[in-house]
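J.: Have a look at the structure that comes next, please.
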Amino acid sequence: MDSIYLDNAATTPVSDSVLSAMQPYFSEKFGNPSSIYKIGQKAKSTLENSREEAAKLLGASPKEIIFTSGATESNNLALKGVAFHWSQNLGIKPHIIISSIEHHSILDTAEYLEKSFGFELTKLPVSEEGIVNPRELEKVIKENTVIVSIMYGNNEVGSIQPIQELSQIIKKANEKRENKIVFHTDAVQAYQYLDCDVQDLGVDMLSLTAHKFYGPKGVGLLYVKSGTKFLPQQQGGAQERRQRAGTENVPYIVGMVEAMKNAKKTGKEIADLRDYLIERVTKEIPDVILTGPQIGENRLPHIASFIFQKIEGESILINLDLLGIAASSGSACTSGSLASSHVLTAMGYDDLLAHGSIRFSLGKMNSRDDIDEMMKHLPQIVEKLRGMSPIK
Amino acid sequence: MADMYSKEVMDHFMNPRNVGEIKDASGVGEKGNPTCGDIMRMFIKVGKKPSSGGQGMEEVIEDIKFQTFGCGAAVATSSMITEMVIGKTLEEAEKISNNQVAEALGGLPPIKMHCSNLAADALHDAIENYKKSK
């Protein structure tokens, strides 16, 4: 049996057009954009063309795009850059607001700033469906709030956050403030399916990484609205308008922009497939909980995650893996920490339930056949593991 | 994912030995932690056999069954320890450590050594439960 890949929220394969767009920039057009001779300047113009295209796709201007090594760097740069600007340049103890379901690259960075630098941190609660209530944000904004970072679409349960409404609240709070609160969103899971025009969203900063939408790993960007103050977190060169030192990764940047261009911005087909998966799993397996929003506009088209009660996620995944089926678990056993998913516990699930979660995430290679094949096995796997469980 | 475990772990995980419960168990033990996502329950049936020294009788584990909620390592260690202790005296069974179980399985990934390697603790809990109820 061929393998079935149902973990597209983890990463996606590089598409053919992306790979061929990148190809010339490894050995042939290999120049360093900072060099003044011809091949350097050619690389420079490729870089700037890419920047222009990326900016256009986001409704931004080119000087607002900083290329990075991926969303983890972008998220680190956003939080640390803004917070340190306030603490070091303005002498204000920064207060950071995030949601309680952020990706670890936001969550861990914010907690690091809290623990190591004494910055203040507020984590906004979410509903049972994994959605932040904008009223809650209104309540926690303080005089020293410097940045609010709320992800666009959640990677574990697929809940879409009300970014525009949150933006309105921040804009209103900013009306009477001298030092404006920066609004950042991690749009990693959302980019290929949802509108990511920064004007429409009303964000000051936005993080992307290429490998979630058929681009290469190790390249991403941070949009920074002009006028937004932050301290660069990497010293060493004048690249990226002195905002991110280091030789620009030209082939990967070209690849990312090609992948951005290819993103369809519609998830209709994927959403139909997801709904088919949800229907089959919830109908054919007893004691299953679909986590996150119910089917509809608040759910990312490619993510469906479930809790299989009374059993543990990793044991399901190993059984699937042996059959050549790749999915992932909110269960921490696999990710190298012992705690259960902070996303599911924030949504109100207890530890035992949270340990029984499996996420399926779909991509353009998937078809109904994949779901049908997977569903030939999943009910039996669940039944077998439940037979072993001490929880009745 | 299956690749992170040894052949022995995968064998015990996919074909676990002695799964189930003993209705009239002499002792029942439980170890684990919902936070870590592992819960193991051990049922033992204690019997007597002539002691190896030839004098009197000693208590042995005649039968053992387990139920486990947990990852591959949790299931495999539970299964492995049931094979290791059947027919052993209580004294011998009490000496078996979590590490010995992991060794018998050809080792466990480091992250699993703490979270999922609790089968010996669950067994010892069952023996203690039996002794208290005597």
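The values are calculated or read from the model by the stated rules, or taken from the named source; none is laboratory data. These numbers were taken from a predicted model, which means no experiment stands behind them. Counting neighbours? That spans all protein chains shown, and the Cβs are built from the backbone with ideal geometry, glycine included. Just so you know, the surface numbers come from the protein's heavy atoms only, side chains and all, with ligands and any DNA or RNA stripped out. Shrake-Rupley method; radii C 1.70, N 1.55, O 1.52, S 1.80 Å.
J.: Going through segment A:70-120 one residue at a time, which ones are assigned to a loop (DSSP other than H, G, I, E, B) and either touching a residue at least 40 places away in the same chain (Cβ under 8 Å) or open to solvent by less than 40 Å² (accessible area, probe 1.4 Å) (or both)?
T.: The answer is A:GLY70, A:LEU90, A:ILE92, A:LYS93, A:PRO94, A:SER100, A:ILE101, A:GLU102, A:HIS103, A:GLY118, A:PHE119.
J.: Sticking with this one: What is the one condition in (1) within 14 Å of chain A (Cβ to nearest Cβ); (2) part of a strand (DSSP E or B) that B:VAL75 does not satisfy?
T.: Unmet for B:VAL75, out of (1) within 14 Å of chain A (Cβ to nearest Cβ); (2) part of a strand (DSSP E or B): (2).
J.: Somewhere in segment A:21-30, is a residue free of Cβ contacts under 8 Å to residues at least 40 places away in the same chain and closer than 29 Å to A:SER226 by Cα?
T.: no
J.: Check A:LYS265, A:LYS283, A:LYS261 and return the single one that is open to solvent by 60 Å² or more (accessible area, probe 1.4 Å), touching a Leu at 6+ places or on another chain (Cβ under 8 Å) and either at pLDDT 95 or above or not in a loop (DSSP other than H, G, I, E, B) (or both).
T.: Result of the check over A:LYS265, A:LYS283, A:LYS261: A:LYS261.
J.: Still on this model: Would you pick out the residues in segment B:112-134 that are farther than 11 Å from B:VAL46 by Cβ and among the charged types (D, E, K, R)?
T.: Correct list: B:LYS112, B:ASP121, B:ASP125, B:GLU128, B:LYS132.
J.: So, in segment A:191-211, how many residues would count as being surrounded by 22 or more Cβ atoms within 10 Å (Cβ to Cβ) and out of contact with any helix residue (DSSP H, G or I) (no Cβ under 8 Å at 6 or more places or on another chain)?
T.: Final tally of qualifying residues: 2.
J.: Criterion first (in contact (Cβ under 8 Å) with a residue 40 or more places away in the chain and either assigned by TED's automatic domain parsing to the domain that holds A:ILE253 or open to solvent by less than 50 Å² (accessible area, probe 1.4 Å) (or both)) does A:ASN49 satisfy it?
T.: Here the answer is no, as A:ASN49 does not meet what is asked.
J.: Can you spot a residue in segment B:80-95 that is within 30 Å of A:HIS342 (Cα to Cα) and open to solvent by 60 Å² or more (accessible area, probe 1.4 Å)?
T.: no
J.: Across segment B:1-59, what is the number of residues that are away from chain A (no Cβ under 14 Å), assigned to a strand (DSSP E or B) and over 15 Å from the mean Cα position of the chain (by Cα)?
T.: Counting residues in segment B:1-59 that are away from chain A (no Cβ under 14 Å), assigned to a strand (DSSP E or B) and over 15 Å from the mean Cα position of the chain (by Cα) gives 7.
J.: In segment A:356-386, what residues are open to solvent by less than 50 Å² (accessible area, probe 1.4 Å) and at the interface with chain B (Cβ under 10 Å from one of its Cβ atoms)?
T.: A:GLY356, A:LEU385, A:ARG386
J.: Next question, about the same structure. Kindly evaluate A:ARG274 against the criterion of being away from chain B (no Cβ under 14 Å) and crowded, with 22+ Cβ neighbours inside 10 Å.
T.: Criteria met by A:ARG274.
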